[in-house]
Structure formats: C-alpha cells, structure tokens
C-alpha cells in the first residue's frame with residue numbers, strides 16, 4: 001500500500017485541527033447561547049467583539065452601536081446573552097439593562113463592560129475593557145457554567 005504524501009498528511013492534519021476547532025466553537029451554541037447581543041456605542045469595539053465571538057462560537061451575533069436600535073431589535077430577537085457597555089451615548093447601560101429586563105430579557109444574563117473598573121462594581125457579571133480574546137472566552141465559559149441556559153439563575157443589574 002502506498003504511503004500518503006506529505007501534502008496529503010498535512011491536509012489530513014489540518015482537517016483534524018479544523019474539526020477540533022469546530023467542536024470547540026459549538027460549546028456556547030450547544031449550551032443554549034444561540035444568539036448573543038453586543039451593545040456598545042463604539043463601532044470598533046462591537047466589531048472586535050463580533051470577531052472574537054465568531055472565532056469562539058457558532059452562535060448568531062447581533063451588534064448594536066445605538067441603544068435605541070438595540071431596544072427595538074432585542075424586544076423581538078430575544079438574545080440568550082447580552083454584552084452591554086455601561087457608558088453609552090444616550091442611556092446609561094444599567095438603566096438600559098432594567099428596560100431590557102422589562103421587555104422579555106428578565107432571565108437573560110447581562111455582562112456589563114467598561115473601561116473604568118469602578119463602574120463595574122456590584123455587577124453580577126462584568127468585563128473590563130479593552131477586551132482580549134482569551135479573557136473573553138474564559139469569562140464566557142465561566143458565566144455559562146454559572147447560568148446554564150435552561151436553568152439559569154436570574155441576573156441582577158444593580
């Protein structure tokens with residue numbers, strides 16, 4: 001039997017790596033986070049987070065740079081997880097979280113984000129910006145393990 005060429009072996013190895021990556025990307029999706037919303041008034045931040053999330057998960061990623069667009073869409077889209085900047089242009093992120101909870105998102109985990117760590121005090125879930133991909137991934141896994149989609153605990157946005 002003829003031994004596969006180094007090119008074929010390389011392709012087989014790369015395919016195996018791609019399959020492993022695809023399996024790891026399914027984790028958030030398979031655990032129930034089918035749809036993740038990111039709300040930040042900085043387009044560069046939402047773009048970066050979208051890129052990170054697309055590399056980590058097969059979930060649908062919704063990004064919003066305007067609080068009012070987010071409210072209109074989230075009322076009907078019902079995301080399974082929300083990443084929310086505290087310092088938005090028109091509405092404080094904490095106030096926005098209370099509004100979101102009143103319009104169908106009362107059981108949706110909300111992760112607050114801010115450059116200023118002092119603003120993140122008293123938040124059940126929070127991330128300090130600037131975000132790094134590996135830190136975001138570890139934190140999402142932690143939140144996922146704490147909330148479990150079907151029996152997740154309620155989040156408090158105090």
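The table that follows gives values for the structure above.
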item: Looking only at the range 97-126, and only at residues there that are part of a loop (DSSP other than H, G, I, E, B), in contact with a strand residue (DSSP E or B) (Cβ under 8 Å, 6 or more places away or on another chain) and over 21 Å from residue 34 (Cα atoms), the one that is modelled with the lowest pLDDT; result: 124
item: Residues being touching a strand residue (DSSP E or B) at 6+ places or on another chain (Cβ under 9 Å) and within 13 Å of residue 70 (Cα to Cα) - total across the range 83-96; result: 6
item: Residue within the range 54-65 that is crowded, with 18+ Cβ neighbours inside 10 Å, assigned to a helix (DSSP H, G or I) and touching a residue at least 12 places away in the same chain (Cβ under 8 Å) present; result: yes
item: So residue 84, is it under 18 Å from residue 126 (Cβ atoms), within 13 Å of the chain's Cα centre (by Cα) and in contact (Cβ under 8 Å) with a residue 24 or more places away in the chain; result: yes
item: Considering residues of the range 102-126 that are closer than 20 Å to residue 144 by Cβ and surrounded by fewer than 19 Cβ atoms within 10 Å (Cβ to Cβ) only, the residue nearest to the chain's Cα centre (by Cα); result: 126
item: Residue that is modelled with the lowest pLDDT [pool: residues in the range 30-50 that are more than 16 Å from residue 77 (Cβ to Cβ) and out of contact with any strand residue (DSSP E or B) (no Cβ under 8 Å at 6 or more places or on another chain)]; result: 31
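The values are calculated or read from the model by the stated rules, or taken from the named source; none is laboratory data. None of the values given here were measured: they were computed from a predicted structure. Methodologically, a virtual Cβ is constructed for each residue, glycine included, from the backbone with ideal geometry; neighbour enumeration extends over all protein chains shown.
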